[in-house]
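Just so you know, all these numbers are worked out from the coordinates, no wet-lab data involved. Only a predicted model underlies this, so the values are computations on that prediction, with no experimental measurement involved. Heads up, the Cβs are rebuilt from the backbone with ideal geometry, glycines too, and the neighbour counts pull from every protein chain shown.
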Amino acid sequence: MTMAIEIITQMLTSGIDTLVEYLTAHVLLCLVPAFFLSGAFNAMIPTSTIFKYMGDSRGSVKKGIAYFFAATSGLIIEVCSCTILPLFAGIWRKGAGFGPAIAFLFAGPGITLLSTPLTASVLGTKFAMIKLVLSIFMAVAIGIAMELTFKDTIDPSSRTGFSMGDEEPSERTTFQSILFFSALTLIMIAGTAPVGLTLKLAMVGLFSILTAYFGYSYYSKDELGSWMGETYEFVKMLFPVLLLGVFASGLVKPLIPEAFIASVTGQNTILANTISAVFGTVAYFPTLVEVPVANMFMELGMHPGPLMSYLLVDPGVSLQTLLVVNTIIKPRKTAAYAFYMLSFGILAGYLYGIFV
Amino acid sequence: MKIEVLGTGCPKCLKLEAMVKTAINKFGLDADITHIYDIDKILSYNVMMTPALVVDGVIKISGKLPSEAALEKLLQ
């Protein structure tokens, strides 16, 4: 009885400690601006602007551009899993083809703007940047591998391109948009930068004033309103889940034997990376929650190599996603997709583990 | 008036259908509402982002939930 109470007390303390750690200025200063930036991307950049580049594959240059946008689109648009499917099917059958569609399928949910600053503040800036670059390369690699494995059988004449509705005429110059988004991005970078708290606050304050100034000068009240609306939606959707995930990861940490994690994934070996990548596929964590989970594994002694494999694979795919994708592409292709994703994830993590 | 809601069955798509029904009832409009779940059919409209709203064959909304006011204005 006393032992049970002891364990529960230990779990609760660990859970609360972890939660407090995430609610410090350090984490909030990078996460809050990231929410605003995601909100701004969603409210102020028409999706048609992004997707028109994935609508055409005539010529290798256009194909390259399609791959590039497919692999980075996740940064700019936050798509919920229900929107991924028609987009995937659309890029495949009407747009740039199978490869870019697969790249998008991985990158859309897998590469999010929000997770990068969070990863940076928890696992280090270098780790976060390398992870971002690796996942972009991975998206393209999986796309190309899939296209080479399965010849695209869609009749080119059915590739009509696609309409994204009317493009709204822009009321500001590109230069003005760039100013606004740069100032907003700088808030996030300043909030993530590894500098002292005073300097950080000063920089965040300065860039916030700049952002507010550009926002008020160049954007209408309606646009600013929908920006705040989108930001609020993101916070409402993701923040409670994140806090819950953080608390839960702290809660279970005392229950996981450190020796077990260290012995299975403490070294950078192909086996260790495979185990952590497979875990990433099977385990489903809501967006952003994979980061505190990774943090927990690291504290329990996981090597950065397997940790990278896990983080590359986890957000991109879960069994749930694979099952849904399976309804559009044949099981053979789903299996190949899972295989390539795991292989590239394991390999990328392994290479990172060697050089770290 | 022929109204089609295109969606894969995701929460936002179902919400759009509910919003359309509410608006129709509110104004007593004569409308025929169908919800299209089939992905191939959705694609045949050249729609990539769901939820989408098609009124009399014209794509009015794609990829987002409209505000109530915007939707009412659209349907009237």
- Task: Take the Cα pairs of segment A:217-305, get the Kirkwood Rh, then feed it into Stokes-Einstein at 25 °C and 0.890 mPa s and tell me D in µm²/s.
- Result: 160
- Item | Simple spin-label estimate for B:LYS60 and A:ARG172 in nanometres, 7 Å along Cα-Cβ | 3.0
- At what distance in angstrom do the alpha carbon centres of segment A:278-329 and segment B:23-43 lie from each other? 38
- In order over segment B:32-37: 3J(HN,Hα) from phi, Karplus 6.51/-1.76/1.60, θ = phi - 60°, whole Hz, x for each Gly or Pro, gives 10, 9, 10, 10, 9, 9
- Task: Rank these for me by crowding, A:ARG93, A:ARG172, A:ARG332, going from fewest to most other beta carbons within 10 Å.
- Result: A:ARG332, A:ARG172, A:ARG93
- Task: Wrap a convex hull around the Cα atoms of segment A:278-356, take a quarter of its surface area, and give that in square nanometres.
- Result: 5.0
- Query: On full extension of the chain, what length is gained from A:LYS330 through A:VAL20, given 0.36 nm per residue of separation minus the C-alpha to C-alpha distance?
  - Reply: 107.0 nm
- Task: Calculate the radius of gyration of the Cα atoms of segment A:267-319 to one decimal place, then report Dmax, the largest Cα-Cα distance, as a whole number, both in Å.
- Result: 10.0, 28
- Nearest-0.05 FRET efficiency for A:THR9 and A:LEU148, computed from C-beta distance (R0 45 Å): 0.20
- With a Förster radius of 25 Å, plug the Cβ-Cβ distance of A:PHE355 and A:VAL282 into 1/(1 + (r/R0)^6) and report the FRET value to the nearest 0.05. 0.35
- Count the lysine pairs in chain A that are 8 or more places apart or on different chains: how many have C-alpha atoms under 23 angstrom apart? 15
- Put in order of increasing Cβ neighbours within 10 Å, starting from the fewest, A:LYS151, A:LYS62, A:LYS330 give A:LYS151, A:LYS330, A:LYS62
- Message: Can you bin every Cα-Cα distance in the protein assembly as shown into 20 Å intervals starting at zero and give me the percent of pairs per bin, rounded to whole numbers?
- Response: 24, 55, 21, 1
- Environment charge of A:ALA283, counting only residues whose C-beta is closer than 9 Å and scoring Lys/Arg +1, Asp/Glu -1: -2
- Item | Sites A:VAL133 and B:SER44, calculated FRET efficiency, Cβ-Cβ separation with R0 56 Å, nearest 0.05 | 0.90
- Convex hull (Cα only) mean projected area of chain B, reported in nm² to one decimal: 4.2
